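Shown below is the structure under consideration.
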Amino acid sequence: MRITDGRLSVIDGPFVEAKEVIGGYAIFELRDKEEAVAKAVEFMQVHRDHMPGWEGTCEVRAFAGP
């Protein structure tokens with residue numbers, strides 16, 4: 001997910017470059033990719049609603065537990 005010029009967009013790669021700063025992270029247990037994308041859109045919408053002019057990126061990555 002990316003917010004640029006006040007617009008929220010969903011991008012399927014390429015991933016954020018290593019030179020980018022990681023400002024934080026969140027771990028969710030979700031059923032599938034569609035639910036993960038919906039949660040990321042909701043997460044980014046909070047930034048858009050409460051911080052006008054803010055620009056940033058949110059990556060969705062899968063990982064396996066034990």
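Rule-based calculations on the coordinates, nothing more; no lab input. Bear in mind the structure is a predicted one, so any value in this text is a computation, not a measurement. Don't worry about glycine lacking a Cβ; one is built from the backbone with ideal geometry, like all the others, and counts go over all protein chains shown.
Whole-Hz ³J(HN,Hα) for each residue in the range 27-39, computed from phi via Karplus 6.51 cos²θ - 1.76 cosθ + 1.60 with θ = phi - 60°, x for glycine and proline: what do you get?
Whole-Hz 3J(HN,Hα) from phi for the range 27-39: 10, 10, 9, 10, 6, 7, 4, 4, 5, 5, 5, 4, 5.
Sticking with this structure for a sec: Non-local amide H neighbours of Gly56 (under 5 Å, H modeled in plane, Pro and chain starts lacking H): which ones?
Residues meeting the amide H criterion: Ile3.
A further question follows. Could you work out the local net charge near Gln45, counting Lys and Arg as +1, Asp and Glu as -1, over the other residues with Cβ closer than 13 Å to its Cβ?
Taking every Cβ under 13 Å from that of Gln45, the sum is +2.
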